[in-house]
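Below is one structure, written out as structure tokens; the observations come after it.
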């Protein structure tokens, strides 16, 4: 979704409800594939899926393998988007969408209507597969493919959505940015 800023330029603004699937997809890839964490996979998944408490409630140890497989399928899609290979990303997404089609329906949550992109009775992993695939497909179709970035910090490589106006974001977090800047400052001060 784009909105004009005060000067009339446009920039990307993520809508929490519309882009949950995109953010979950990136978290799955970052935390299960790019930099797997040394904790129980179910605990990591509970943190990722915290955006949807009913999903956390349904989460069981048996779901770990399915989410790890999904993260492995999403990684090349995100890499394709990041490198500008939209055709390959679209082909991969179409395969995911064919396997896990979106079936939009309206449901009341917290007193307001929300649009869901999966059948109401879908199992947890196929549900999130449909949500993530549909969100990435929408992201690509809206022209944001080049908004996927990878952290420049040595040894990191985590993926992120660059919401800056000029697509200048280089790091996944301020921690990585600070680490790189501190190392550069130390190198400068160490030079004779």
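No lab work stands behind these numbers, since they all come straight from the coordinates. Please read these numbers as outputs of a predicted model, since none were measured by experiment. Every residue, glycine among them, receives a Cβ derived from its backbone with ideal geometry; neighbour counts consider all protein chains shown.
Would you look at the GNM of the chain, springs on alpha carbons closer than 10 Å, and say which of 52, 121, 87 moves the most?
121
Report, in whole Å, the centroid distance computed from the Cα atoms of the range 87-114 and the range 151-192.
34
Angle check, please: helix 174-190 long axis (alpha carbons) against the longest principal axis of the chain (alpha carbons), in degrees 0 to 90, nearest 10.
It works out to around 10 degrees.
Taking the Cα atoms of the range 112-164 alone, what are Rg (to one decimal) and Dmax (as a whole number) in Å?
14.8, 44
Could you give the C-alpha radius of gyration of the range 2-190 expressed as a fraction of 2.2 N^0.38 Å, taking N as the number of residues it contains?
On the way: Rg = 17.8 Å, N = 189, 2.2 N^0.38 = 16.1 Å.
The value comes to 1.10.
Could you give the length gained on full extension between residue 95 and residue 179, defined as 0.36 nm per residue of separation minus the Cα-Cα distance, in nm?
Gain on extension, residue 95 to residue 179, equals 26.3 nm.
Sticking with the crude label model, points 7 Å out along Cα→Cβ, report the distance from residue 47 to residue 103 in nm, one decimal please.
3.4
Taking the simple approach of a point 7 Å from Cα along Cα-to-Cβ for both residue 85 and residue 163, what is their distance in nm?
In this crude label model, residue 85 to residue 163 measures out at 2.9 nm.
Taking the Cα-to-Cβ direction at residue 120 and at residue 190 and moving 7 Å from each Cα, how far apart do the two end points lie in nm?
Result for the modelled spin labels: 6.2 nm.
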